[in-house]
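Presented below is the structure to which this report refers.
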Amino acid sequence: MRRVLSIILFFSLVNFSSPEKLDKKKPLPVLKGEIPAIAMAKTAAELKSYFDAAFLDATTGSNSNEQNINPIFGSTTNGDAQQYYRLADWLNAMIYVWQATGEILYFNYAKTMIDNMISNAVLLAGGTNAGFMGWPSAASYGAVRSVDGTNLWEIYSFRHVAYLLAILKDSPNFVSTQGLSTWYTDTLNFLEVNIAQKWRENNINAHVYRSNLHLASHNMVIYFFLDYLTDNSDPIYREIWQNIAYAGMPNYPAPQNNIQYLLRGNADSKPALNLTDNLAWYQNWQGTNTQKHDVNHAGDTVNNFYKLFLYNAHFTVADMNGIAQGMLDNVWVSYTSWTINEFVDGSGATQNLNQQGAQEYFVCGQFNETLQSNMEDNVQSEMSHFSFAGYLLYNRKIMNDASLFYPEPQSSLVFFDSGLKFKKKAAAAALSAN
């Protein structure tokens with residue numbers, strides 16, 4: 001059981017220099033760090049050093065799959081072959097490390113990835129998405145995607161853009177001192193129009209109310225934050241995220257047409273895989289499909305649930321504790337060999353933890369000290385191209401201090417002792433749900 005945190009809202013004042021304008025044609029600033037030897041549980045400083053070294057390795061290495069591993073290089077491409085999908089976990093980890101350290105360099109890297117992606121968007125023509133900005137996929141992905149682009153790659157990365165904008169909304173001093181007001185407005189507009197509106201108008205059932213839990217959960221996050229960022233200026237934002245989370249999507253039969261059903265279970269033919277005090281869940285909405293969720297994609301969903309949990313929206317500390325216990329009991333096979341089970345209930349083949357998305361599962365370490373310590377103790381050098389340490393550093397900051405540098409501490413924010421959440425009191429009633 002996660003210990004009750006004593007909340008002390010104390011944040012050091014830090015004078016940051018203006019954000020560096022990182023020219024993608026110039027050499028990247030060097031992040032200092034070396035892969036530390038496996039030893040005792042990591043301190044926050046050690047985890048930061050590991051993250052820096054892993055990122056440096058990922059962005060300067062000569063990997064055969066460089067454009068899919070190197071997040072900065074990937075963000076400078078035209079996005080025609082999963083590059084933005086592959087950089088998403090690094091983008092999220094970079095935001096978490098900025099929140100945990102308050103160091104502007106990490107914000108600058110996250111902003112650079114976002115700026116590069118947006119600057120590479122082109123005006124689409126000839127397809128269903130004509131008139132919007134986007135990134136046509138390579139011809140090998142088919143005639144439709146080579147004109148309209150690929151929905152998954154866009155929503156997978158831009159859910160993290162939406163989260164960063166929410167942090168900035170509640171960090172007005174940072175936005176003001178760093179001259180980010182115009183950037184904030186422009187980026188939010190791009191997200192609203194060229195991600196959300198584009199795919200909603202293309203085909204809401206195919207591209208928003210998607211065919212399984214992890215795909216739909218990406219849109220849940222985007223639409224939740226659009227609701228939050230715009231103060232529900234368009235009711236469709238709240239309708240969509242609530243339909244996916246618990247109310248039910250109209251294009252799938254009730255009751256198995258929402259995340260609440262698959263995660264928490266109901267007293268009919270398809271309950272959740274509740275194993276004593278931990279949680280496991282199915283993947284698809286269809287009532288006859290009993291496919292348990294694979295861990296590599298479940299990591300994305302866990303991080304998506306967590307994002308709403310932070311804002312006191314639908315997902316509860318009981319959900320997060322259950323998921324963390326499930327990771328401890330069912331997912332991990334061996335920390336020392338970095339191996340996991342294939343499915344969230346502990347079934348399937350044993351595999352190495354080296355897949356896209358699995359690292360997002362690590363965010364639940366903050367809800368279980370045993371889980372967190374085991375992961376910290378055994379982060380291994382062969383994982384140096386992945387962002388694991390960033391998630392662990394974020395957890396450790398919360399577990400040690402019950403605080404983050406961002407969002408900025410304000411009297412309107414509430415910190416709960418059952419798990420760090422930052423939620424404005426005024427919006428809590430509107431955003432909280434069943």
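Annotation: Cα Rg of the stretch 144-210 relative to the compact-globule expectation 2.2 N^0.38 Å equals 1.31.
Taking all protein chains as shown and a probe of 1.4 angstrom, Ser403 keeps an accessible surface of around 10 Å².
From the cross-link list Lys42/Lys307; Lys48/Lys307; Lys111/Lys198; Lys111/Lys397; Lys169/Lys292; Lys169/Lys397, which pairs have alpha carbons spaced over 28 Å apart? In this structure, Lys169/Lys292 lie more than 28 Å apart at Cα. For Thr336, the accessible area of its heavy atoms, probed at 1.4 Å with every protein chain present, is near 100 square angstrom. Per the Debye calculation on the stretch 288-337 with a single equal scatterer at every Cα and no solvent contribution, log₁₀ I(q)/I(0) for q = 0.13, 0.16 Å⁻¹ amounts to -0.37, -0.55. For the set Glu408, Glu103, Glu239, the ranking by accessible area, highest first and with no ligand, DNA or RNA atoms included, is Glu239, Glu103, Glu408 under a 1.4 Å probe. Under the shape rule built on the C-alpha gyration tensor, where the axes satisfy a ≥ b ≥ c, the stretch 191-237 is oblate, since a/c reaches at least 1.5 while a/b does not exceed b/c. A straight chain from Asp329 to Thr350 at 0.36 nm per residue would run longer than the Cα-Cα distance by 6.1 nm. Given a 1.4 Å probe and the protein chains as shown, Asp294 ends up with an accessible area of around 30 Å². Across the stretch 181-192, rounded Karplus estimates of 3J(HN,Hα) from the backbone phi angles (6.51 cos²θ - 1.76 cosθ + 1.60, θ = phi - 60°) give 4, 5, 4, 4, 5, 5, 5, 4, 4, 4, 4, 5 Hz, Gly and Pro being marked x.
The values are calculated or read from the model by the stated rules, or taken from the named source; none is laboratory data. Quick caveat: nothing in here was measured; it's all calculated off a predicted structure. Just the protein is used for accessible areas: all its heavy atoms, side chains included, with ligands, DNA and RNA removed. Shrake-Rupley method; radii C 1.70, N 1.55, O 1.52, S 1.80 Å.
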